[in-house]
Amino acid sequence: MKYKGLVFDETFSEGKKEAEILLQNEYTLLARFDGGELHIELDRAQIHIGGFDHDMVYFYPDAVRKNPAVLVHGAEILTKLAENSNPETRQKAINATKVRGKKKKFRLTGIIFIISLVAGLISLATTEAASIAVKLIPVKWDEKLGEIGYPSAIASIAPGSSRVDDKYVIQSLDTIKNRLTGALKKTPFKYSITIINSPIENAFALPGGRIVVLKGLLLKARSPEEVAGILAHEITHVEKRHAMKQIVQNTGLMAILQIIIGDTASGGAVLLQAGSELLSLGYSRSMESEADIGGMKLLAAANIPSDGLIQFFKKMSENEKEMKNMEWLLTHPLSEKRAQTLEELSRKYKPGKVEPFNIDWKKIQNQLR
Amino acid sequence: MKHEIIGKPDFPVVKIYLEHNESILAESGAMVSMTSGITIETRARGGVFSSLKRMVMSGESFFQNKFTATNGSGEIIFAPDTMGDVHFKKMSSEDIILSRGAYIAGSPDLVIDSKWGGFKSMFGGEGILFLKVSGTGALFFSSFGAIDEIDVRGECIIDNGHIVGFEPTLDFTIEKLGGIKSLFLSGEGFVCRFRGSGKLYMQTRNHSSFAAWADGWRKVESRQ
């Protein structure tokens, strides 16, 4: 068996020469190079693992001298030497193999550690980059995305349902919506409400400002303030462009880079294509809490008591056993912590004065039934 | 590809003579001047993630520029970021490990990869990853101060801020020189102990020492 390697010698002009190395017999290692050969006596030699990747074996002539030296690429020669009949050589080979194993293992743990660290950083960077990219995306895209997403959203949540066309219901919800959007300082979005004739208790906002409210939710709510709480939460999702952020994050770094670099056309194509499917994904937990905070602030600014949302949450959670139709709760689970945070928020953001809605809630529910 | 290193050893630049259709890759921002027949193509070499890895871990630029003489022969000049020597190495199917930021330019045939230097390198002050350049072609790298080649035979100790590059037949460990007291008081901190045989490229000045020295002259706004 021949091995590839190098012979290092101070007398060589380059300091080293390429060599072909073989085990001549159990006592001698022979290195043949251009212009000569070198013998290393194995029982006197030092055997070391070396090289940046720990995959080279050094043979030094004795315990003291480091010149000349023979280097063998790869660690296979150690396996061969571990079968050597000379016990001393055998032991040296075994020791060197052990050292190599340790070094490799140490490196592996390091690599795993670094990869997880980098993965963490990248996901952080992606979130950051997504926020930056979203700022560069024109608001029109949100509207476009909402338009594209609407049919598929309805198809997946309440297939085949018609719209509620009762004038009083529509007007009342518009009143609530207008009070909230009037409290927004400045908004690039045009908000509209679509009420769907479905027993499911749900409401969701599409990017661009279209808010879909399902009949079941209106029947469940006991007051316009409760509905206002949910709308405020959904409006915040739209204002913060959470859907777009989510999509940008999920379509990946490439799309983000394309947008940042300025190639919005191709980046946009990717986004819109993936968008309608991704809309069905829920928002991340941080987005939800952002919407909670934003919703509470908005309620306070619109002079609406902010405990409506909490009451609604609690009521839905009490009936948790009959989970049927409670879709909004499914995507907005009320953990103890969330309830606590919401209550703290409602104490923090209190409206200056309360202006009750002039809406006959009983009438609305009767019309809907 | 012919070249000439001008202004050695303090503030050198490398002047490269490209034949027609010959190319050279360089770090972004390294170009100083060029003749008009050279075209530039900017790309993230090896894809976005490789480039990110190289940028974050080894201190190279995200984008690399490929300069090609498309209209007859041309001349192009590159300069490193800091004052210090430029070194030319003719690579013939071999590998070299470079420390953070040392690479300036090289033949397009050279393969550049980031190499994990082990846990130890996190304390080495040279970035977590090294750059492994392999293949055949011309390679230009820079140092802070002058460059000296050390022929390591067996062992060699070098301050971690003075490593420019080394041959992959060498392995190193980071250790402290002397006891705990020396670690904090001797000003030597951590050093690298290289083992094996091969060439080690040493720079005669250290970035961090220079930065620490220059910091003393930095204008500090007084707090009101």
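Each reported figure results from applying straightforward, stated rules to the coordinates on display, with no laboratory input. Please read all numbers here as calculations on a predicted model, not as lab measurements. When we count neighbours, we look across all protein chains shown, and the Cβ atoms used for this are built from the backbone with ideal geometry, even at glycine.
Observations, loosely collected:
- Spatial offset of the range A:6-53 relative to the range B:1-31 amounts to 38 Å, using the alpha carbon center of each.
- Each distinct pair of alpha carbons in chain A adds a 1/r term; the inverse of their mean, the Kirkwood radius, is 26.0 Å.
- From most to least packed by mean Cβ count within 10 Å, the peptides B:170-177, A:115-122 give B:170-177, A:115-122.
- Pairs beyond 23 Å (Cα-Cα), from A:K140/A:K240; A:K220/A:K350; A:K102/B:K115; A:K140/A:K167; A:K167/A:K350; A:K98/B:K176: A:K220/A:K350; A:K140/A:K167; A:K167/A:K350; A:K98/B:K176
- Length gained on full extension, A:T341 to A:A63: 93.1 nm, using 0.36 nm per residue less the C-alpha separation.
- Structure-based [θ]222 nm, chain A - -39500 (n - 2.57) summed over DSSP H runs of at least 4, per residue, nearest 500: -18000 deg cm²/dmol
- Within 10 Å of the Cβ of each residue in A:49-60, the mean number of Cβ atoms contributed by other protein chains is 5.
- Divide the volume of the convex hull around the Cα atoms of the range A:2-105 by the residue count and you get 90 Å³ per residue.
- Relative contact order of chain A, pairs being alpha-carbon contacts under 8 Å that are 6 or more residues apart, as %: 12
- To the nearest ten degrees, helix A:307-318 and the longest principal axis of the Cα atoms of chain A are 70 degrees apart.
- Our coupling estimate for the range A:208-225, obtained by passing each phi through the Karplus curve with A = 6.51, B = -1.76, C = 1.60 and θ = phi - 60°, is x, x, 7, 10, 9, 10, 8, 3, x, 5, 5, 6, 6, 5, 9, 8, x, 5 Hz, Gly and Pro reported as x.
- For the range A:51-67, 3J(HN,Hα) computed residue by residue from phi via the Karplus equation (6.51, -1.76, 1.60; θ = phi - 60°) reads x, 4, 9, 6, 10, 10, 10, 9, 10, 9, x, 8, 5, 9, 6, 10, 9 Hz, glycine and proline entered as x.
- Helix A:336-348 and the longest principal axis of the C-alpha atoms of chain A enclose an angle of approximately 60°.
- Cα-based radius of gyration of the range A:118-185 once divided by 2.2 N^0.38 Å, which approximates compact folds: 1.68
- Taking the inverse of the mean reciprocal distance over all distinct Cα pairs, the Kirkwood hydrodynamic radius of the range A:139-246 comes to 14.0 Å.
- Taking A:M244, A:M56, A:M287 in turn, the Gaussian network model of chain A (Cα-Cα springs below 10 Å) assigns the largest fluctuation to A:M56.
- Taking A:V57, A:V169, A:V64 and counting other C-beta atoms within 10 Å, the order from fewest to most: A:V64, A:V169, A:V57
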